[in-house]
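For reference, the structure discussed in these notes is given below.
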Amino acid sequence: MSLNAEQQNDTELDHIRDTLTGIVSFASKTRGEMHQRFDQQDKRFDQQDKRFDQQDKRFDQQDKRFDHQDREIASLKADNAEIKEMLKTLLSR
């Protein structure tokens with residue numbers, strides 16, 4: 001094999017090696033960027049979950065307030081009915 005042919009083979013191998021190195025480097029960089037984006041998405045989802053949890057707590061508090069108001073209204077209705085009965089009794093005498 002001639003020296004010229006051997007140098008050409010070495011040059012071709014160097015070119016292939018450089019190309020493969022570039023591809024691997026690009027793939028690694030892309031992989032790193034993807035993981036960074038995934039981490040950002042995870043943080044956003046975590047923040048949304050926290051917001052939803054806070055809203056759930058607010059809804060629970062509102063439900064408790066409504067339940068309390070319903071009990072108060074029922075109590076007032078009962079008192080009102082009792083007062084009406086007393087007035088009827090008084091007026092009927």
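Criterion first (in a helix (DSSP H, G or I), open to solvent by less than 90 Å² (accessible area, probe 1.4 Å) and at pLDDT below 95) does Thr89 satisfy it? Steps first, please.
On the way: in a helix (DSSP H, G or I): yes; open to solvent by less than 90 Å² (accessible area, probe 1.4 Å): yes; at pLDDT below 95: yes.
So Thr89 fits the description; yes.
Could you figure out which of (1) of a type in the set (A, V, I, L, M, F, W, C); (2) open to solvent by less than 100 Å² (accessible area, probe 1.4 Å); (3) at pLDDT below 95 isn't true of Leu3?
(2)
The values are calculated or read from the model by the stated rules, or taken from the named source; none is laboratory data. None of the values given here were measured: they were computed from a predicted structure. Accessible surface areas use protein heavy atoms only, side chains included; no ligands, DNA or RNA. Shrake-Rupley method; radii C 1.70, N 1.55, O 1.52, S 1.80 Å.
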